[in-house]
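What follows draws every value from the coordinates through simple rules; no lab data is involved. In this text, all values refer to a predicted model and were calculated from it rather than measured experimentally. Note that each Cβ is placed from the backbone with ideal geometry, even for glycine, and that neighbours are counted across all protein chains shown.
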Amino acid sequence: MTAENIKRKELPFVSVVVPVLNERELIGRTISSLLDQSYPKEKYEIIIVDNGSNDGTKQIIQKYPVKFLKERKKSAFSARNKGARAVKGEYIVFMDADCFAGSEWLENLVDVVIQEGASIVAGKIENYIVRDNFANKLLAKRCAPEVRKENVQRYNSVASGNMIISRRIFEETGFFEICGFASDNELSRKVFDSGGKISYTERAVVKHQCDLSNREYLVRSFLTRYGQEKLRKRPEEARHILRLLLSFPWRPGFNRAKCLAGEFGIDNPAIFALFFMYIWIERIFSYFGSIAGAVSGMTSCPEKSTQ
C-alpha cells in the first residue's frame with residue numbers, strides 16, 4: 001500500500017451540512033462546488049436540508065448525488081440541526097446555500113482541525129456584492145474577512161457560514177439553540193468556555209454573495225440583536241432591560257455615516273442624505289431587536305435543539 005493510500009485511509013469521514021430556502025438561482029452552483037472538492041470523494045457526504053422552499057429549489061437539489069432532507073420549522077438553525085442529526089461523519093462542516101467553496105476548501109478545513117487539535121475551525125468568507133445598495137455595502141463591510149477573523153480570535157465567536165466542528169463536541173454542547181441569527185456564535189463560545197480550542201484559517205475559503213434588499217438588511221439587524229440578547233444569561237435581567245431602554249440611539253451618527261460614505265464613494269449630497277438616514281434607521285432596528293430579545297429571554301427559555 002502506498003503512502004498516499006495510507007494517508008487517504010486515515011482521513012476522517014466528514015459530513016457537510018447546508019440549509020437552504022428559496023435559492024433556485026444559486027443552489028446548483030453551491031452543490032457543484034461541494035462535489036468538486038480535492039478531499040477524497042469516499043471520505044465525505046453532502047447533506048442539503050430544505051427549509052420550506054417553494055421556488056423550485058427542491059427539484060434542482062434532487063438532480064445531484066446528495067442526501068436531501070426537509071425541515072418544516074422555518075429556521076436555518078433548525079435545518080442545520082436536522083442535518084446534523086443525520087450525519088455519519090466524525091466532523092460536521094457547515095456552509096450556507098448562497099456560498100460556493102474553493103476546490104481545496106474541505107481538505108484545508110480538515111487539515112487545520114486535525115493539525116491544531118481544535119474543537120472548531122472557522123474558515124475565511126469573502127463577500128462580493130451582487131445587488132449594489134446600502135444594505136449590501138454595509139453587509140460586506142461589517143462581515144469582511146478581517147472582521148470575522150477578529151471575532152474568532154478575540155471573542156471566540158464563529159459564524160456557521162464556514163466552519164468545521166467535531167461531531168462529538170457538537171452533540172455534547174447540545175446542538176444549536178433556535179434563536180435569531182446568533183445561535184452559532186453562542187455555540188462556539190460555549191465550546192470555548194468548556195475548554196475547547198477555537199481556530200481560524202485563511203486557507204479554507206468560501207465566497208458569499210451579498211444580495212439583500214435594504215428592507216431585508218434591516219430585518220436581519222433586528223433578528224441578530226434579538227438573538228444575541230435572548231441567548232445572553234444575566235442575573236439582573238430587569239436592570240439590564242432598563243439600561244437598554246435608556247440607550248435609544250438619539251444621536252444619528254453623522255460622522256460615522258460620513259466616514260462610511262467616503263469608503264463607499266458616496267459623494268452625491270442627496271444620496272448621502274438617504275444613506276445617513278438609512279444607517280440611523282438600522283441602528284433603531286437593532287435597538288428594538290435588543291429590547292425584544294432581552295424581554296423574550298427573561299420570559300421564556302430558548303428552544304433546545306435536541307427536543
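Quick notes
- Loop trypsin sites (Lys or Arg not before Pro), segment 163-217, which have at most 15 other Cβ atoms in a 10 Å radius of their Cβ (DSSP): LYS197
- Whole-number D in µm² s⁻¹ for segment 23-143, Kirkwood Cα-pair radius fed into Stokes-Einstein, 20 °C, 1.002 mPa s: 135
- Pairs of Cα atoms nearer than 8 Å and 6+ residues apart set the relative contact order; for the chain it is 18 percent.
- Spherically averaged projected area in nm², based on the convex hull that wraps the Cα atoms of segment 183-269: 9.6
- When segment 58-99 is reduced to its Cα atoms, the Kirkwood hydrodynamic radius in Å: 11.6
- Taking only the C-alpha atoms of segment 98-208, the Rg (one decimal) and the largest Cα-Cα distance, Dmax (whole number), read 14.0, 42 Å.
- Ratio Rg/Rh [Cα only; Rh per Kirkwood] for the chain: 0.98
- Most mobile listed residue (ASP96, ASP55, ASP184) in the chain, GNM with C-alpha springs under 10 Å: ASP55
- The label point for LYS207 and the one for GLU104, both projected 7 Å from the Cα toward the Cβ, are 1.7 nm apart.
- Using every pair of distinct Cα positions in segment 130-284, the Kirkwood expression returns a hydrodynamic radius of 17.8 angstrom.
- Ordering of 116-129, 251-264, 276-289 by packing [mean C-beta count within 10 Å, highest first]: 116-129, 276-289, 251-264
- Surrounding net charge for ASP211, when Lys and Arg each add one and Asp and Glu each subtract one, Cβ distance under 15 Å: -1
- Using 0.36 nm per residue and subtracting the Cα-Cα separation, the extra length available between GLN115 and ALA270 on full extension is 50.5 nm.
- Kirkwood Rh, angstrom, segment 109-173 [1 / mean 1/r, Cα pairs]: 13.2
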